[in-house]
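Take a look at the structure set out below.
The values are calculated or read from the model by the stated rules, or taken from the named source; none is laboratory data. Just so you know, these numbers come straight off a predicted model, no measurement behind them. Here the Cβ is made from the backbone with ideal geometry for all residues, glycine too, and neighbour counts use every protein chain on show. Heads up: the accessible areas ignore ligands, DNA and RNA and are worked out on the full protein's heavy atoms, side chains in. Shrake-Rupley method; radii C 1.70, N 1.55, O 1.52, S 1.80 Å.
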Amino acid sequence: MLKVGLTGGIGAGKSEVSRLLVECGAVLIDADRIAREVVAPGTPGLASVVEAFGEEILAADGSLDRPRLGAIVFSDAEKLSTLNAIVHPLVGARSRELEEAAVEDAVVLHDVPLLTENGLAPLYDLVIVVDAAPETQLDRLVRLRGMTEEDARARMAAQATREQRREIADIVIDNDVPLEELEQRVKDVWAELVLRSQASRPSPAE
């Protein structure tokens with residue numbers, strides 16, 4: 001099994017790269033998706049978040065109001081740290097369960113937005129960083145996700161810098177390119193991952 005960490009700044013296009021790698025054959029473990037699961041209604045995770053931040057972060061149906069919570073934590077480093085201390089251990093435990101369920105020779109892709117910020121690079125055999133210029137990130141967040149420029153800049157500022165992400169990267173995928181070029185780059189990376197996976201397999205007993 002080859003354990004790959006995938007990360008990138010918000011708006012860099014990490015989700016697109018993740019989708020393309022899954023099409024190639026990677027087994028995806030999506031930290032964002034798991035983060036939603038562990039704070040779903042009725043979970044101990046949601047109860048802990050409500051205890052820390054109050055019932056005002058709940059929507060009318062009792063689910064987590066993510067935009068409201070995001071507005072609270074992304075402008076306050078201490079509150080963001082409190083949230084991470086609740087959610088990250090739960091995400092880690094569930095990720096390990098899913099990894100253990102994968103076949104032995106799988107390329108397991110861990111899609112982790114805050115991999116750099118939380119010092120998680122040593123957990124993986126290699127780290128892929130999806131990189132884009134800050135102005136590209138800002139344009140995508142405002143134009144495609146409907147964020148205000150102020151909110152988009154705050155989200156970007158709350159994450160690691162572009163330089164910090166590149167420092168922990170074994171492979172950098174440039175996503176300031178047209179989709180066709182990105183697709184080819186991802187295919188090249190997949191070929192490299194397959195080779196590394198095969199090289200890491202133990203030799204058969206003599």
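For the chain, modelled as a GNM with alpha-carbon contacts under 10 angstrom, which of PRO122, PRO113, PRO178 fluctuates the most?
Its mean-square fluctuation being the largest, the pick is PRO178.
Report, to the nearest whole %, how much of the accessible area of the range 83-151 belongs to carbon and sulfur atoms, 1.4 Å probe, protein only.
Heavy-atom surface of the range 83-151 belonging to carbon and sulfur, 1.4 Å probe: 54 percent.
Under a Cβ-only charge scheme (Lys and Arg +1, Asp and Glu -1), can you give me the dipole magnitude of the chain about the Cα centre, in debye to the nearest 20?
My answer is approximately 140 debye.
Keeping every protein chain present and rolling a 1.4 Å probe, give me the accessible area per residue for the chain in Å².
Here the per-residue accessible area is 55 Å².
Under 15 Å from the 7 Å Cα→Cβ point of LYS187, by amide nitrogen: which residues of the range 1-42?
From the range 1-42, the list is 20-25.
How many nm is it between the label spots at SER15 and ARG36, if each spot is 7 Å from the Cα in line with the beta carbon?
Reported label-point gap for SER15 and ARG36 is 0.9 nm.
Given R₀ = 25 Å, what would the calculated FRET efficiency be for VAL22 paired with ALA199, taking r from the Cβ atoms and rounding to 0.05?
It comes to 0.70.
Tally up the carbon and sulfur contribution to the accessible surface of the range 1-65 as a whole percent, 1.4 Å probe, everything protein left in place.
Summing carbon and sulfur atoms, their accessible area is 50 percent of the total for the range 1-65.
Would you mind computing, in nm to one decimal, how far apart the modelled labels at GLU55 and ASN118 are, each placed 7 Å from Cα along Cα→Cβ?
2.9 nm
So how much slack lies between ASP139 and GLU100, counting 0.36 nm per residue of separation and subtracting their Cα-Cα distance, in nm?
Result for the pair: 10.2 nm of gain on full extension.
Just want to confirm a number: the relative contact order over the range 94-174, from Cα pairs under 8 angstrom separated by 6+ residues, in percent.
Computed over the range 94-174, the figure is 41 percent.
Most fluctuating residue of GLY70, GLY92, GLY146 in a GNM of the chain with Cα springs under 10 Å: which is it?
Top of the fluctuation ranking is GLY146.
Using alpha-carbon pairs under 8 Å, 6+ residues apart, how would you state the relative contact order of the chain in percent?
38 percent
Calculate, for GLU167 and ARG66, the FRET efficiency according to 1/(1 + (r/R0)^6) with r their C-beta to C-beta distance and R0 30 Å; round to the nearest 0.05.
For R0 = 30 Å, the calculated efficiency reads 0.50.
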